[in-house]
Amino acid sequence: MDFFDFFRWDIIWNYRELYAKGLWATIVLTACGYIGGVIFGLLLGLGQVSTKKWIYWPAKIYVDVFRGTPMLVQLLLIHLAVIPTIFGSSLGWWVSGIVGLILNSAAYNAEIFRAGIQSIDKGQMEAARSLGLTHSQAMRKVILPQAFRRMIPPLGNEFIALLKDSSLVTVIAGAEILYVSKVVAGTYQRFWEPYLFAAFLYLVLTYAVTKLIAFIEKRVDINYNPRKKKERA
């Protein structure tokens, strides 16, 4: 009870609207970064299994560079150097944050796609080609659907990791959950309330994502039969 007496709930309540905006910003940043990262990562993953060196090496180098450097450094370079150099000025933390999350997530997703594709027996590709399918058709209709089932858990883990890593956008003044907590802490000079509440919000988000991933994983399981659940009921 002493802790609850010490904890000032009014601080959180007074900044509830700012926290709501920060929560929404975190969700949007993560969603945009992940969707873009999956699309770009798929292309990079396909590039890494390509037999053409001019496709393989750029994809390989990109993945190694972005996986081997901190996202914090990447965000600062994109926001303070890359975008201002290309466009003449900064385009704001939204653009820099989303671009940074996409580019970083793509590198990790590329490895997931590469590993998933290479986990499928080579005989599958040979059988598809023997049926008259082109390499791209075989990859799209035979290999990727099988690999996708195996990739759901690691892709889900990447989503959760990106959700937590979105807090790094605070270094470029991104108004997400952690940035709001810093503002509240600076205003009241109290740190328990804002940062514990930020941790609680991230925990709720990650828990919800975990349950969603488990549901998707169950639905794509080849042994899943929705009728069994109805029969038990």
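Assorted remarks:
- With the whole protein complex present, residue 34 retains an accessible surface near 40 Å², based on a 1.4 Å probe.
- Cross-link pairs beyond the 24 Å C-alpha cut-off, checked among 164/211; 60/218; 60/122; 182/211; 60/164: 60/218; 182/211; 60/164
- Value of relative contact order over the chain, rounded to a whole percent, pairs C-alpha under 8 Å and six or more apart: 28 percent
- Heavy-atom accessible area with a 1.4 Å probe sorts 53, 122, largest first, into 122, 53.
- The mean sequence separation of alpha-carbon pairs under 8 Å and at least six residues apart, normalised by the residue count of segment 34-116, gives a relative contact order of 54 percent.
- Calculated mean residue ellipticity, 222 nm, the chain: -25000 deg cm²/dmol, from DSSP H runs (n ≥ 4) at -39500 (n - 2.57) each, averaged per residue and rounded to 500.
- Accessible-area order (highest first, 1.4 angstrom probe) of the listed residues 217, 193: 217, 193
- Measuring only protein heavy atoms, the 1.4 Å probe finds residue 17 accessible over about 130 Å².
- Here the Gaussian network model covers the chain, with springs between Cα atoms less than 10 Å apart; of 88, 156, 22, 88 fluctuates the most.
- A simple rule links phi to the HN-Hα coupling: the Karplus curve 6.51 cos²θ - 1.76 cosθ + 1.60 with θ = phi - 60°, which for segment 88-94 gives x, 6, 5, 9, x, 5, 4 Hz, with x for Gly and Pro.
- Fully extended contour minus Cα-Cα distance, from residue 73 to residue 54, at 0.36 nm per residue: 4.1 nm
- Residues of segment 93-124 with amide N under 17 Å of a point placed 7 Å along Cα→Cβ from residue 212: 102
- The stretch between residue 220 and residue 119 holds 34.6 nm of extra length on full extension. This uses 0.36 nm per residue minus the Cα-Cα distance.
- Its relative contact order, with pairs defined as Cα atoms under 8 Å and 6+ residues apart, puts segment 100-233 at 22 percent.
The values are calculated or read from the model by the stated rules, or taken from the named source; none is laboratory data. What you see is a predicted model; the values in this text were computed from it and never measured. Counting neighbours? That spans all protein chains shown, and the Cβs are built from the backbone with ideal geometry, glycine included. Side chains are part of the model used for accessible areas, which takes the heavy atoms of the whole protein and leaves out ligands, DNA and RNA. Shrake-Rupley method; radii C 1.70, N 1.55, O 1.52, S 1.80 Å.
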